[in-house]
Amino acid sequence: MPPPSSSSPHPPSPPPRGPFPPFETRSILFPALPKPEEDPSSNPESPFSLGRSIKCIQAYQNHQLLVATSDGYIHIYSLPQQATSSNADRYQLSSSHRISNKSKAVERILVLAGLDAVAVLCEGSLAFYSLPDLLPITTIPPTRPVSTVVLDDDEVENSQGRDAAGMVSLCVVKRKTVLLAKVARQGRELRWAVIKEIPLPSGAVIASRYGDTLCVACPTFYSLVDLSDGSITRLPLPISETVEVPTAQEKPSIVSIPCRGYLGFNRDQAAVEGEPAPKCEFLITSHSESNSLGVFMSPSGEPTPKLLDWPSHPRGVVHSYPYLISLLRNDTIEVHDLRTAERVQRIHLPPGLEPRFLSQVGTGFSTNDSVREPRGALLPSLEEAFADRMGEESDPFALVQLNLSSQQVVPYSSSPAAKGQRTSSTRLYFDVILGGKNAIQTVSQGSLWQWGKELIRKSRWFELRGVLERPGTPRSKAEARQLVLLRMATALEHLRLLQFDRAGRGFAETGLDPRLVIRLFRSYRGGIDGKGKGKDDSSWDEITTLVGLQGQLLDRGAFSLAADDVDEMIWGNLRMNYSPPLQVESDPVTMKLRDMLSQSAERMLLQVLRAWRNRRRGEGEGSVESDLAGLEMSSLVLEEIDKVVDTTLAKLLASREGEESSRELDSLVDGKNSCESQELEWILRSKGKLCRLSRIYENERRWDEMLEIWTGLIDGSLQDPSSSVTVQDVAVLLTETNDPRLRSKYAIWLVQKDPQEGVKLLTKQMSTGLQDVAVAPAQGQLTSSRQTLSKLKAIDQVAANTFLEHVVLHSKDQAADLHDELCQKLLDRISEAMRDEACRTRVNNLASEYSSGSYAESFFAHLALAALGDVDGEEVRNSVMLDRLKLSMLLQGSEALDHEKVVRRVEKCAALAYEKAILLGKLGRDQEALSLLALNLKDANSSEVYCSEGRVVLPTMMAETVAKDLASRCESLVGYAAMVARSQTPHPSSSKAGGQQRILNGSEDKKDKVHVDKSKRKEELVKILLGVYMGADQGVAEKEGEDLRTATAHLVNTQASDFDSVEMLKLVPDSWPLSTLETFLTQSLRRSMHARNQARMVRNLRLGRNLDVYLEGWERSRSLGGIINESEDDGFDGGEDDDGREEEGAGGQGVEIRDEKLDSGFGLGVYGGGEEGDGGDGVEEGEGYERIHPPVAIDAGKEGFLTEPTPSSVVLR
């Protein structure tokens, strides 16, 4: 058994020297040339046919290969879209196309990305063909003579083969010039345009372009051409150091390599020195007798420090990030790591292959993307190879639901495997191709997953860690998925070998379903009894995993991962390794070893749970591969895993001692989590961690259970040393909770602990419109307000009084007994306060001061000012003032009190004259009420209000103003003022119904009877008050008489404006000077004169309007035609003018116009002028006009006219 791993992280392994997995060659097409029977035009026995070979290859749409041959053909091979047993998923010949009629070799093929076209160089002529049918494109004429043609590798690497405008850049090298051209598709036609033509005196046989730099090789040397200005720089390195003119054996090679930080040029240093950082470097080869060199040149022509050395001259060199692959003439392939410039692998080619070239197909990798997706051709039969090697029938990277007990595998609902599809990661792409004479092979790395599984099987951990811990980002999503799968398999193997710390790191990095680990810890995997027996214990055997891991998980051999408990795995390992000779269950050494392994396993579990939570919250440092792999579960599965992880983590932290675990548990419970409180309740209660349990209830909004814990901790029935819960916390929670049941349940308990907060809760419950109830703690039954009040009286009398006050002020139904009880309590408190000598003196002095001071405000306002001005230390005096304000508002606003009964109580306290006046007004005893207000209190304001408002001593505005000013000292005054407002506001429904009834009765414009009664009542009350004032003036002192006369004058001027002046003069005593009524008499006379003048103006206006109507009628009669027959009685009744003289025609006349044809007629009438005594305007309201004279007959068809004088007012009848 391997020793238990320590908790410290394993030191990182050194970076691997070789590629992992190593490169390998794989045949994809043999023979690549069609057989003679497939090409009838060729003679298989001729030397020409025997000398046929492959010249170049390109890939198209990832599943087609374009194979150009030396006899002028291009053969298209394709992978079948649906593999069958007959085609075996191999490349098959789709079509063959003759390019050269002279059977000349096709020298070069360039696939134009996104244009469905290909550029073909054959016989020195560059022509374009459409894909996939290879038909000539006639819109672009062939170009001759052409030495070579290349694409812009910058566009290929970074822009998917096109520039920003979607065009493909071509660099056509002719014998002495270089053409820069753009190819694009306009509609359905392909067009090209030559952008620039640059002279090239030395010519070129091969070329490579990257951006604005073109590297070319002439027969003897290399040159760099700056395409922006046409300048040419000759490089000092010769193509061959042995011969002046190289032969085919010393063929040069040029490869453009994008700068990625692993080349010799330091981009950061260049930026510091102010030099422009190069985008690429060109690798050129130089032949010598013993070896060949590879030199990296910057676009400026400067060599870099790194060199490559080959034992034989390369036939071809290609770049496959981050390696450089070379085909040498000694029939070997060498792989160099560009990061270190060291050779990391050598591959010996099999005999008979006759290798000819090494080239890159497709468009390689994108250098700007953090995730580089391969662009090339598919490697065939890889899926079949996976199935053969792994014994798996489906995609190893697909998610599945696995049952460890029944070994049943259910496809994951969101996985492509569940739909009968395979993910793209199961097919490997290749971008480096090895061309032989009649065979095509790939040079690519094998399956990382298969290679890693072999390392696991052989326990080559050091080599495996070197791969998993190597720096850098995966080259593609396919590689990332394989790394995730390999990390998961490694973590599972570490778990099987009880290397818990390494397994924990592996699980944390990959994000494997943590339920696989949790299920091994029976004590933490559910069950509210703490014994691990949940509702469905078999559900823990269902996990989400990858298909490639099911072999490890379902293995029933030694130390199986399908065990039910980690303790069983530990005991089984100890028995196999130490029994015999040791008794594992009793030997101290094995017991200590078992404890160490158990602690290590628990640390692993804690690490896995923390890593999952951090990953879900976007924190922590998970492996980059797991993020790139895209192994996403459905939201429902993730929510279920989150619930299991958070619950298990909380239980694990609760069982651990230490301040760090406590803080982490508090953070978990207080923050956002998915814990199941039922799973945690048992262990938290057993550990005495009730406060943390209450936080879980709080997060789940389970207020009842939370309050049960809080009240138990406050009462002492529950214990938790970390508890800091207070009664105020309970009060705040109940106040913020809108659950009436909870408020009712805990309101009485809160009153017992804090009467003030308890009453606030009860009163708020009523104010928010909830049922006015409380619940007995034992029975939980709803009770009425009276029962609640009786319970409060038994607990706290002050709280009971506050609650009683709130019930009376805010309850819709006015209960007479509660109103009477509140009134009696206010009277009792006032009487009790009046027993204090200082308080009694202050109250009496206040009344005496007001009666002798001639204050402008009312007595109620004066009382409020006194309460507002009292200092805080005089509680008794201040309370009695406030109680008097409350009592006054209650007496004025309450409609449920028995006023006869209350007035007898108030009479016992002589100081309550104002309150008594309110009650007398309620009883209709106006003489007594006004006498108290006007004579005893000298409160002229309240006396006048009593008259104007109809027996109301305290108006609403006054009550609301006082309540607002004193709200800071006594908030309940607002409720008393609201009661006063309700009592003096008519019900809207009654007024609305009354208005509708008035409309139905046709008397909407008439005065309402209620208004008439109110006006009469006001007049009667004013007369009573005048009588009180004037009757009290007899036999009083001069100053007091002066005050009475002033009050009377004010009353007459403000309230008796509509009284008849003559009647008013009769009421005034003879002893009063006339100046007392000067204002009243002046206003009365002015009103009379105004009414007289207004009547004259109205009369004249009416006369003018009647004349206009008369003239309109006359014109109408004339338009009808006829003869006007005047009656014999055509005189005018005389009327009196303004001076009393008779005025002719003042009575008006009437004229009748008749049309004999129509047998109709109309009459004209005149309003008679009235006397000034008839209301001032000559016309009484509601009176119609009368015909003064008989109508004058008008014969139709005869002309006629009126000879009568124009009356003053004529209207149509």
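The values are calculated or read from the model by the stated rules, or taken from the named source; none is laboratory data. Computed from a prediction, not measured in an experiment: that's the story for all the values here. As a convention, Cβ positions derive from the backbone with ideal geometry for all residues, glycine included, and neighbour counts pool all protein chains shown. For accessibility, only protein heavy atoms count, side chains too; no ligands or nucleic acids. Shrake-Rupley method; radii C 1.70, N 1.55, O 1.52, S 1.80 Å.
Here are the numbers:
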item: Subset tally (residues that are outside any strand (DSSP E or B), surrounded by fewer than 19 Cβ atoms within 10 Å (Cβ to Cβ) and modelled with pLDDT of 90 or more) for segment 172-200; result: 1
item: Options Lys938, Lys901: the member that is surrounded by fewer than 24 Cβ atoms within 10 Å (Cβ to Cβ) and part of a helix (DSSP H, G or I); result: Lys901
item: Test: residue in segment 913-929 that is touching a residue at least 24 places away in the same chain (Cβ under 8 Å), part of a loop (DSSP other than H, G, I, E, B) and closer than 17 Å to Met1030 by Cβ; result: no
item: Tally, over segment 526-580, of residues that are over 26 Å from Val409 (Cα atoms) and at pLDDT 60 or above; result: 12
item: Segment 1097-1122, residues that are out of contact with any Phe, Trp or Tyr (no Cβ under 9 Å at 6 or more places or on another chain) and open to solvent by 100 Å² or more (accessible area, probe 1.4 Å); result: Met1097, Leu1101, Arg1105, Glu1112, Glu1115
item: Scope segment 130-180; condition within 29 Å of Pro278 (Cα to Cα) and of a type in the set (Ser, Thr, Tyr); matching residues; result: Ser147, Thr148, Ser159, Ser169, Thr177
item: Strands (runs of 3 or more DSSP E) wholly inside segment 276-338 containing at least 1 residues that are more than 17 Å from Val443 (Cβ to Cβ) and modelled with pLDDT of 90 or more; result: 280-287, 292-297, 303-310
item: Long-range neighbours under 7 Å by Cβ, at least six apart or interchain, first residue acidic (Asp, Glu) within segment 881-904, second open to solvent by 10 Å² or more (accessible area, probe 1.4 Å) and not in a helix (DSSP H, G or I); result: Glu895/Gln814
item: Filter result for Asp154 (of a type outside the set (Lys, Arg), in contact with a Pro (Cβ under 9 Å, 6 or more places away or on another chain) and open to solvent by 70 Å² or more (accessible area, probe 1.4 Å)); result: no
item: Residue list for segment 153-170, filter: over 18 Å from Cys280 (Cα atoms) and β-branched (Val, Ile, Thr); result: Val168
item: Options Gly658, Gly671, Gly688: the member that is under 21 Å from Thr737 (Cα atoms), among the small types (Gly, Ala, Ser) and out of contact with any Phe, Trp or Tyr (no Cβ under 7 Å at 6 or more places or on another chain); result: Gly671
item: Residues being among the small types (Gly, Ala, Ser) and touching a His at 6+ places or on another chain (Cβ under 8 Å) - total across segment 206-255; result: 1
item: Scan of segment 583-597 for residues that are part of a loop (DSSP other than H, G, I, E, B) and surrounded by 18 or more Cβ atoms within 10 Å (Cβ to Cβ), ordered by number; result: Val584
item: Any hit, segment 713-735, residues being at positive phi and open to solvent by less than 40 Å² (accessible area, probe 1.4 Å); result: yes
item: Restricting segment 638-671 to residues that are of a type outside the set (A, V, I, L, M) and buried (at least 22 other Cβ atoms within 10 Å of the Cβ), the residue that is farthest from Glu542 (Cα to Cα); result: Lys651
item: Tally of residues being of a type outside the set (D, E, K, R), without any contact (Cβ under 8 Å) to a residue 60 or more places away in the chain and either crowded, with 18+ Cβ neighbours inside 10 Å or under 15 Å from Pro258 (Cα atoms) (or both) across segment 318-340; result: 3
item: Residue in segment 852-865 that is in a loop (DSSP other than H, G, I, E, B) and either open to solvent by less than 20 Å² (accessible area, probe 1.4 Å) or aromatic (Phe, Trp, Tyr) (or both) present; result: yes
item: Condition met for Asp268 (open to solvent by 10 Å² or more (accessible area, probe 1.4 Å), of a type in the set (Asp, Glu) and modelled with pLDDT of 90 or more); result: no
item: Counted residues, segment 440-463 - those being open to solvent by less than 10 Å² (accessible area, probe 1.4 Å) and either over 30 Å from His494 (Cβ atoms) or charged (D, E, K, R) (or both); result: 3
item: Candidates Ser169, Ser208, Ser240, Ser228, filtered to the one that is within 24 Å of Phe296 (Cα to Cα), at pLDDT 90 or above, surrounded by 15 or more Cβ atoms within 10 Å (Cβ to Cβ) and not acidic (Asp, Glu); result: Ser208
item: Yes/no for Ser674 being in contact with an Asp or Glu (Cβ under 6 Å, 6 or more places away or on another chain), open to solvent by 40 Å² or more (accessible area, probe 1.4 Å) and either at pLDDT below 85 or farther than 25 Å from Gln607 by Cβ (or both); result: yes
item: Tabulated pairs, segment 447-462, first within 13 Å of Leu483 (Cα to Cα), second part of a loop (DSSP other than H, G, I, E, B), C-beta under 6 angstrom, 6+ apart or interchain; result: Leu448/Pro21; Trp451/Pro21
item: Qualifying residue in segment 699-706 (condition: of a type outside the set (D, E, K, R), in a helix (DSSP H, G or I) and at pLDDT 85 or above); result: yes
item: Test: Glu1020 is at pLDDT 55 or above and either in a loop (DSSP other than H, G, I, E, B) or over 22 Å from Ser894 (Cβ atoms) (or both); result: yes
item: Given (1) under 30 Å from Leu792 (Cα atoms); (2) open to solvent by 40 Å² or more (accessible area, probe 1.4 Å), index of the condition Ala747 fails; result: (2)
